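Reading through the structure tokens given below for one structure.
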Amino acid sequence: MKRTVQEIDAVVAELRALRVKSLENRQRRDRPPKLPSRKVLVTIADGLSAVLFPNRLGLPELTSESVDYYVGHTLDVTLRELLVQVRRELRFTAGVDAPGNADREQATAITQAFAKRLPHIRILLESDIQAAYEGDPAARSIDEVLVCYPGITAITHYRLAHELHCLGAPLIARMISEIAHSATGIEIHPGAKIGGSFFIDHGTGVVIGETAIIGQHVRLYQAVTLGAKRFPMDEHGSLVKGNIRHPIVEDDVVIYAGATILGRIIIGRGSTIGGNVWLTRSVAPGSVISQAQIRNEVFDGGAGI
């Protein structure tokens, strides 16, 4: 269907008016600062993954003689791109568009500190990959786990994002986590604290909230939620931000498919939470919680949830 120039101009004008109104409501009417670029962050996440695992996620023709050069070059390019995006976040957060010395120095400090954490991230990811290999009878090799498992993709993005979150770039961290969420169906907030040897089997539909704490050697299956039980409001009826509201999962816990665990409760060390359990109370170490137990508590006059 043909559209006249006048029709297109009218639509553009209406969209402009709506855009300006929105910017005015957010007090960003004059030259709003640019957000970090999601497309660039996709490239950055891919580059960092290749730096961490160059022989599997880097260029296919790498040799033992060329791998260090490739890692160095890729890291240099990727960190330069990351520095630009961190500066964008800092300017956006401050509500200014013009670059200055303060945001340049802060962005440089964040990027340099992040680079120094990459060996630590690699160590954690190796433990996660090993846990996946040992925990899944279908896994034929460590390499298969790294290149095929969506849980490892999500955890890799999370571990990169978590460091950035802690260093003062929470918006970029959230965007990197959401890139993995879009690709895998696994949502891990970068503010969550997750220990090593973490395994997400299958993974689709897993949700891990911002203030969740997960210990060592924890295994989750698909559609597990570690969420908030309630959302308190302030005196103006607005949601209170940043309060502690998600579960603590101690070491060596297994949570099966479809389980929903809500609120600041503690799942004791070595516990097993069965499939489709809805849990809003803490459980002691070594507990085995099933749907049948929960139903008995509700319908037989027990403590309930």
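The values are calculated or read from the model by the stated rules, or taken from the named source; none is laboratory data. What you see is a predicted model; the values in this text were computed from it and never measured. Virtual Cβ from ideal backbone geometry, glycine too; neighbours counted across all protein chains shown. Surface accessibility is based on the protein's heavy atoms, side chains included, excluding ligands, DNA and RNA. Shrake-Rupley method; radii C 1.70, N 1.55, O 1.52, S 1.80 Å.
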Name the residue that is surrounded by the most Cβ atoms within 10 Å (Cβ to Cβ), counting only residues in region 180-189 that are closer than 20 Å to residue 126 by Cα and of a type in the set (A, V, I, L, M, F, W, C).
188
Single match in 77, 86 (criterion: open to solvent by 40 Å² or more (accessible area, probe 1.4 Å) and at pLDDT 95 or above)
77
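Residue-by-condition table, conditions (1) in contact with a His (Cβ under 7 Å, 6 or more places away or on another chain); (2) open to solvent by 50 Å² or more (accessible area, probe 1.4 Å):
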position: 191; (1), (2): yes, no
position: 224; (1), (2): no, no
position: 234; (1), (2): no, yes
position: 246; (1), (2): no, no
position: 254; (1), (2): no, no
Every pair of residues 6+ apart whose Cβ atoms lie under 9 Å, when the first sits in region 67-86 and is under 20 Å from residue 174 (Cα atoms) while the second is modelled with pLDDT under 95 and of a type in the set (Asp, Glu)
86/103
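How many residues does region 44-65 contain that are farther than 17 Å from residue 115 by Cβ and either open to solvent by 40 Å² or more (accessible area, probe 1.4 Å) or of a type in the set (Phe, Trp, Tyr) (or both)?
Summing the residues that are farther than 17 Å from residue 115 by Cβ and either open to solvent by 40 Å² or more (accessible area, probe 1.4 Å) or of a type in the set (Phe, Trp, Tyr) (or both) in region 44-65 gives 9.
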Criterion (modelled with pLDDT of 95 or more and surrounded by fewer than 12 Cβ atoms within 10 Å (Cβ to Cβ)) met by exactly one of 95, 72:
72
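On the given criteria, is residue 172 open to solvent by less than 10 Å² (accessible area, probe 1.4 Å), β-branched (Val, Ile, Thr) and in contact (Cβ under 8 Å) with a residue 24 or more places away in the chain?
So residue 172 passes the test.
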Of all residues in region 199-218, which are β-branched (Val, Ile, Thr), in a loop (DSSP other than H, G, I, E, B) and either in contact with a Lys or Arg (Cβ under 8 Å, 6 or more places away or on another chain) or open to solvent by less than 20 Å² (accessible area, probe 1.4 Å) (or both)?
206, 211, 218
Looking at region 155-167, can you tell me whether even one residue there is outside any helix (DSSP H, G or I) and at pLDDT 95 or above?
no
